[in-house]
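The values are calculated or read from the model by the stated rules, or taken from the named source; none is laboratory data. What you see is a predicted model; the values in this text were computed from it and never measured. Cβ sites come from the backbone with ideal geometry, for glycine too, and all protein chains shown count toward neighbours.
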Amino acid sequence: MLAEVVRFSKWLRRRSPHATTVVHYTNDLELFFAWGDKPCEAITLHDIDAYIEHAQALGHAVATINRRLAAIRAFYAFLSLESDTPPANPVLPKRHFIRQGRRLPRDVEDAVITRLFAVITVSRDRAMFLLMLRCGLRVGEVRSLTLSDLYLQPSAGQLPRLWVSGKGDTRRVVYLSAQAESALRAWLDARPVAESQAIFLNRFGRELTITGIQERLAHYCREVEVWITCHQLRHTFARHLVEAGMPITSIQKLLGHARLRTTQVYLHISDPQVQADYQAAMAYLAQRFAVEGSVQ
């Protein structure tokens, strides 16, 4: 790894010690400089052009390419802070960032969820994935949970909850459903004693990595021959809340979204009012055409 990237990673971790940005950005920069095979001061905007074409040829999603561009741009912005003569930032937003239309969240059908959780019998794994499905946690948030984040003995009238470190090192309270609480308690009873305060440990008694959690989900997906990502479990959580009629502002708080419009996209995948209006309209049209004749 380039020495400059190491310094950048340490700087990010000092600024946001609990955020997962450092993990993603460091990995993105390692991939970029391995591809470019040049020192950072030799990278030009034409190299960025070529890298975008390379990533597109590999079939990477627009969001992935834009995140990698953001990592490179942030890295060169860091270099400008620590040097009087820094290299020019090769990432030009108007030239390089790819426009992306609004994309709807991809949730998971309930029947598929049932099949998947039928094979997740390991208490640790069941607790991890139920925290995503029933509490809306991101994979990085599950990974960073510690024993001190638990509040399982609330006072009368209160719900058991978690303190979660979200994007941008922001903290929020997440309530535990009965199903998620039961799965979490089952794991805590089986959790080995370890120096690490992380809730979810690997077989060596150390904190699980994000990749480790994703690989566990992939293992179960292969068993039932489906493909589901951790983030799709979070999307499904949001869809379930919309279908249950929860106010969108409450869903926003539970998901940890800074802007309401981010949460509102879930209304487009499962809006009870739109569905009811559609059913009423179709019932009217069916009755009308039943009288006037069938549609050709």
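Worth a mention:
- Meets criteria (under 22 Å from GLY168 (Cβ atoms), outside any helix (DSSP H, G or I) and charged (D, E, K, R)) for ARG67: no
- Cross-chain or 6+ apart pairs with Cβ under 9 Å, the stretch 35-63 first and among the small types (Gly, Ala, Ser), then surrounded by 15 or more Cβ atoms within 10 Å (Cβ to Cβ): GLY36/ILE43; GLY36/ASP47; GLY36/TYR51; ALA42/GLY36; ALA42/PRO87; ALA50/GLY36; ALA55/ILE65; ALA55/ARG68
- Some residue of the stretch 126-143 being surrounded by 15 or more Cβ atoms within 10 Å (Cβ to Cβ), of a type outside the set (Val, Ile, Thr) and on the phi > 0 side of the Ramachandran plot: yes
- For the stretch 249-277, filtering for residues that are β-branched (Val, Ile, Thr), assigned by TED's automatic domain parsing to the domain that holds VAL164 and over 15 Å from HIS235 (Cβ atoms) leaves 1.
- Restricting the stretch 221-257 to residues that are small (Gly, Ala, Ser) and in contact (Cβ under 8 Å) with a residue 60 or more places away in the chain, the residue that is surrounded by the most Cβ atoms within 10 Å (Cβ to Cβ) is ALA238.
- Within the stretch 122-138, one or more residues are of a type outside the set (Gly, Ala, Ser), assigned by TED's automatic domain parsing to the domain that holds HIS257, within 24 Å of GLY256 (Cβ to Cβ) and not in a helix (DSSP H, G or I).
- In the stretch 154-205, of all residues being polar (S, T, N, Q) and within 18 Å of LEU255 (Cβ to Cβ), the one that is surrounded by the fewest Cβ atoms within 10 Å (Cβ to Cβ) corresponds to THR170.
- Checking the stretch 22-34 against the condition returns no match, with no residue being surrounded by 14 or more Cβ atoms within 10 Å (Cβ to Cβ), in a helix (DSSP H, G or I) and small (Gly, Ala, Ser).
- Some residue of the stretch 106-114 being on the phi > 0 side of the Ramachandran plot, touching a residue at least 40 places away in the same chain (Cβ under 8 Å) and crowded, with 19+ Cβ neighbours inside 10 Å: no
- Scanning the stretch 151-200 for residues that are under 18 Å from the mean Cα position of the chain (by Cα) and in a loop (DSSP other than H, G, I, E, B) returns GLY166, THR170, PHE200.
- LEU116 being in the same structural domain as LEU254 (by TED's automatic domain parsing), of a type outside the set (D, E, K, R) and part of a loop (DSSP other than H, G, I, E, B): no
- Those residues of the stretch 198-228 which are among the hydroxyl-bearing types (Ser, Thr, Tyr) and at pLDDT 95 or above, in sequence order: TYR220
- All positions within the stretch 39-51 that are of a type in the set (A, V, I, L, M), surrounded by 20 or more Cβ atoms within 10 Å (Cβ to Cβ) and part of a helix (DSSP H, G or I): ILE48
- Checklist (1) outside any helix (DSSP H, G or I); (2) touching a strand residue (DSSP E or B) at 6+ places or on another chain (Cβ under 8 Å) applied to GLY101, failing item: (2)
- Top-ranked residue of the stretch 201-250 - restricted to ones that are of a type in the set (Phe, Trp, Tyr) and closer than 14 Å to ARG106 by Cα, ranked as nearest to the chain's Cα centre (by Cα): PHE237
- Test: SER182 is of a type in the set (Gly, Ala, Ser) and within 21 Å of PRO17 (Cα to Cα): no
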